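Chemist: Here it is: the structure, laid out below.
The values are calculated or read from the model by the stated rules, or taken from the named source; none is laboratory data. If you're wondering where the values come from, they're calculated on a predicted model, not measured in any experiment. Glycine also receives a Cβ, built like all others from the backbone with ideal geometry; neighbour counts cover every protein chain displayed. Just so you know, the surface numbers come from the protein's heavy atoms only, side chains and all, with ligands and any DNA or RNA stripped out. Shrake-Rupley method; radii C 1.70, N 1.55, O 1.52, S 1.80 Å.
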Amino acid sequence: MQPVTFAPIGVIHSPYKEKFGIPRQPSLVPAARITLELVPPFDQPDAVRGLEAFSHVWIHFVFHETAARGWTPLVRPPRLGGNARVGVFASRSTHRPNPLGLSLVELLGVDTTNGVRLLLGGADLLDGTPVLDIKPYIPFVEARLEARGGFVDGPPPVLRVEWSERARADLAAAADVPTGFAELIEQVLQQDPRPAYQDDPERVYGVRLDRFDVRFRVAGNDVQVLEICG
């Protein structure tokens, strides 16, 4: 078969500036606010006419940061502890034969005052992600209560988040903090962004959210926000 080429229709503007820290599935961090900006010639209001009537949309996108690493037939999903292997087509691994992703996100608004921008909630998309297509979510067709979830049946456990005095002071002293930023931090860290094979309670991790570096430590089921730099 001949190769197929696609042109991006838009680009994502997101508080997630690096892969580390992005939730492993959409909707796990509802505080995340992400903008999808359509690019010419697709930035026409007519192209999204009627879209505001839907509460959720499917976003087809490219795993642009990991595409160069290629693919492998077996992957190690985090939900299986990072050791057990399943076939790549039985997973949502970013390392795929074609680096394509699919994300179901909440549509919070459609702005057509200057081009076209979609405000999305609960998205799991890296800043700068190329978007290939947008489709409305249709509940009666796509919400199948009888469906089986395989090894990801059910939501993941969440950690308990505590703030150090320094972290609270850092956030209070920072200028131009995005609305709901503390909630975003908590929801991201609740999902335990660490690799499944890492469990060192003394190690300090850092995750880049918006323009801030959030440093934290995990011990058991507790995560402590240590400081916020930026």
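Chemist: Being within 11 Å of the chain's Cα centre (by Cα) and charged (D, E, K, R): is that true of ASP124 here?
Modeler: Criteria met by ASP124.
Chemist: Taking VAL131 as meeting all but one of (1) open to solvent by 30 Å² or more (accessible area, probe 1.4 Å); (2) assigned by TED's automatic domain parsing to the domain that holds GLU65, write down the number of the exception.
Modeler: (1)
Chemist: Being farther than 12 Å from GLY10 by Cβ, open to solvent by less than 70 Å² (accessible area, probe 1.4 Å) and in contact with a strand residue (DSSP E or B) (Cβ under 7 Å, 6 or more places away or on another chain) is the filter here, so list the residues in region 33-54 that pass it.
Modeler: LEU51
Chemist: I'd like the full set of residues that are of a type in the set (D, E, K, R) and within 22 Å of the chain's Cα centre (by Cα), limited to region 53-89.
Modeler: Answer for region 53-89, where residues must be of a type in the set (D, E, K, R) and within 22 Å of the chain's Cα centre (by Cα): GLU65, ARG69, ARG76, ARG79.
Chemist: Report whether or not VAL141 is at pLDDT below 95, surrounded by fewer than 16 Cβ atoms within 10 Å (Cβ to Cβ), closer than 23 Å to SER91 by Cβ and out of contact with any strand residue (DSSP E or B) (no Cβ under 8 Å at 6 or more places or on another chain).
Modeler: Considered against the rule, which asks whether it is at pLDDT below 95, surrounded by fewer than 16 Cβ atoms within 10 Å (Cβ to Cβ), closer than 23 Å to SER91 by Cβ and out of contact with any strand residue (DSSP E or B) (no Cβ under 8 Å at 6 or more places or on another chain), VAL141 comes out as no.
Chemist: Hey, ALA175 hits all of (1) out of contact with any strand residue (DSSP E or B) (no Cβ under 7 Å at 6 or more places or on another chain); (2) surrounded by 11 or more Cβ atoms within 10 Å (Cβ to Cβ) but one; which does it fall short on?
Modeler: Failing condition for ALA175: (2).
Chemist: For the structure I just gave you, tell me whether PRO26 is assigned by TED's automatic domain parsing to the domain that holds PRO136 and either at pLDDT below 95 or not hydrophobic (A, V, I, L, M, F, W, C) (or both).
Modeler: It is true that PRO26 is assigned by TED's automatic domain parsing to the domain that holds PRO136 and either at pLDDT below 95 or not hydrophobic (A, V, I, L, M, F, W, C) (or both).
Chemist: Among the numbered criteria (1) surrounded by fewer than 15 Cβ atoms within 10 Å (Cβ to Cβ); (2) more than 30 Å from ALA182 (Cα to Cα); (3) not polar (S, T, N, Q), which single criterion is violated by ILE9?
Modeler: It is condition (1) that ILE9 fails.
Chemist: Further question on the same structure: Within region 195-210, which residues are in contact (Cβ under 8 Å) with a residue 24 or more places away in the chain and open to solvent by 20 Å² or more (accessible area, probe 1.4 Å)?
Modeler: If the condition is that a residue be in contact (Cβ under 8 Å) with a residue 24 or more places away in the chain and open to solvent by 20 Å² or more (accessible area, probe 1.4 Å), then PRO195, ALA196, TYR197, ARG208, ASP210 are the ones that fit.
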